[in-house]
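Have a look at the structure below before the remarks.
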Amino acid sequence: MYGAGDVRVETIADPTIQHATDAIVRVVRACVCGSDLHPYHNMPAQEHGQQMGHEFLGIVEQAGADVTTVKPGDLVVASFSYQDNTCEFCRAGVQTACVHGGFFSAAQAELIRVPLADGTLVKLPAEVDEKLLPSLLTLADVYGTGYHAAKCANVSAGDTVAVIGDGAVGLLAVLSARQLGAERIILMGRHKTRTDLGREFGATDVIAERGAEGIAIVRDLTGGGAHKVLEAVGHRPAYDQAVGIVRAGGVISRVGVPQYEQAPVGFASLFGRNITLNGGPAPVRAYIDALLPGILNGTVDPGQVFDRTVTLDEVPDAYRAMDNREVLKALIRF
Ligand SMILES: [Zn+2]
Ligand SMILES: [Zn+2]
């Protein structure tokens with residue numbers, strides 16, 4: 001990416017092993033993320049391009065001398081953060097705060113260097129049906145992030161859950177809330193093809209209205225607000241909506257990357273009603289082992305969030321189409 005709206009496909013040098021804990025992966029599937037659209041809007045024009053992409057699965061091409069859990073030829077999926085998965089933060093389930101970790105930004109490419117391969121790559125069954133690859137790719141970010149939203153809200157059997165946002169993460173937060181036993185799931189979104197998929201994933205109600213009107217409808221529908229609100233947008237109006245629809249004693253869980261620093265937390269908003277505010281960058285590595293079996297046995301199909309498949313050369317068009325909301329999430333097939 002050379003700046004807002006300027007994505008180019010270029011040939012650069014192949015990545016090489018730099019540390020004995022690295023691996024090189026040949027990417028089989030990658031994708032464009034909703035979060036990639038922030039720089040697509042805002043990045044100042046620059047002379048040298050920035051590599052993009054943080055969601056991928058592929059085949060290990062080369063493993064450093066200290067890598068023990070994967071070997072060349074293995075099919076693997078990576079979390080969007082890399083981590084040792086052994087430090088005190090990783091052991092506490094906050095892999096995105098790993099003392100040795102970081103975040104990928106070079107996965108929209110044929111080859112990628114994976115630091116801390118043992119803590120980052122998860123081996124997949126070699127004979128996996130190719131049809132499952134899109135769903136397996138969601139483990140890299142969007143499914144794990146939706147699941148993190150539901151886990152941070154402690155969604156439990158019988159809960160009424162409201163999900164704000166009908167992007168890929170919001171829709172997979174719906175799926176995750178259903179998996180965790182929510183009884184009623186209210187999806188707040190305005191794009192019918194997306195909210196229809198949300199119903200398929202388990203939404204019981206869809207509310208297209210926003211702002212004060214949307215808040216009034218949800219409060220009325222729930223007799224005073226939802227127990228758990230999963231916010232998957234990141235803009236300030238979505239936060240205000242979450243505060244408006246959460247029930248006293250409830251939880252707001254945010255996984256949409258906040259595009260704001262200031263928001264109310266005082267008596268009238270959170271404190272006076274004993275609201276818990278939770279969430280953050282999802283430590284998706286912590287969830288891959290738990291979410292993988294449901295994909296492999298066909299219980300869930302989170303890969304339905306991909307509604308266009310492109311080649312590497314078509315990636316600039318995939319950004320444009322996602323930005324225009326023609327496409328929910330674009331899969332890159334190598
Ligand atoms: Zn992502
Ligand atoms: Zn760590």
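The values are calculated or read from the model by the stated rules, or taken from the named source; none is laboratory data. Because the structure is a prediction, the values reported are computed rather than measured. As a convention, Cβ positions derive from the backbone with ideal geometry for all residues, glycine included, and neighbour counts pool all protein chains shown. Calculation scope for accessible area: heavy atoms of the full protein, side chains included, ligands and nucleic acids excluded. Shrake-Rupley method; radii C 1.70, N 1.55, O 1.52, S 1.80 Å.
A search for C-beta distances below 8 Å between a residue of the stretch 16-45 that is within 16 Å of ligand 1 (Cβ to nearest atom) and any residue that is in a loop (DSSP other than H, G, I, E, B) and basic (Lys, Arg), counting only pairs 6+ apart in sequence or on different chains, returns Cys31/Lys329; Val32/Lys329; Cys33/Lys329; Gly34/Lys329.
Rundown of residues vs (1) in the same structural domain as Ala318 (by TED's automatic domain parsing); (2) more than 16 Å from ligand 2 (Cβ to nearest atom); (3) assigned to a loop (DSSP other than H, G, I, E, B), yes/no style:
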position	(1), (2), (3)
Ile17	no, yes, yes
Leu57	yes, yes, no
Pro72	yes, yes, yes
Phe89	yes, no, no
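Of the residues Val206, Val243, Val218, Val257, which is more than 28 Å from Ile288 (Cα to Cα), touching a Pro at 6+ places or on another chain (Cβ under 9 Å) and not assigned by TED's automatic domain parsing to the domain that holds Glu326?
Val243
Scanning the stretch 233-255 for residues that are in contact with a Lys or Arg (Cβ under 8 Å, 6 or more places away or on another chain), closer than 20 Å to Thr195 by Cβ and open to solvent by 20 Å² or more (accessible area, probe 1.4 Å) yields a count of 1.
For the stretch 196-223, the candidate set comprises residues that are small (Gly, Ala, Ser) and over 10 Å from Ile245 (Cβ atoms); within that set, the residue that is most open to solvent (accessible area, probe 1.4 Å) is Ala212.
Is it true that some residue in the stretch 92-114 is in a strand (DSSP E or B), away from ligand 1 (no atom under 16 Å from the Cβ) and open to solvent by 50 Å² or more (accessible area, probe 1.4 Å)? Yes, the stretch 92-114 has at least one match.
Has the stretch 169-178 got at least one residue that is of a type in the set (Gly, Ala, Ser) and surrounded by fewer than 24 Cβ atoms within 10 Å (Cβ to Cβ)? No: the stretch 169-178 contains no residue that is of a type in the set (Gly, Ala, Ser) and surrounded by fewer than 24 Cβ atoms within 10 Å (Cβ to Cβ).
Take the conditions within 16 Å of ligand 2 (Cβ to nearest atom) and under 18 Å from Thr138 (Cα atoms) and apply them to Phe80. Does it pass? The answer is yes for Phe80. Scanning the stretch 294-320 for residues that are small (Gly, Ala, Ser) and closer than 19 Å to Ala107 by Cα gives Gly303, Ala318. Scanning the stretch 76-86 for residues that are open to solvent by less than 20 Å² (accessible area, probe 1.4 Å) and either more than 16 Å from ligand 1 (Cβ to nearest atom) or part of a loop (DSSP other than H, G, I, E, B) (or both) returns Val76, Ser79, Gln83.
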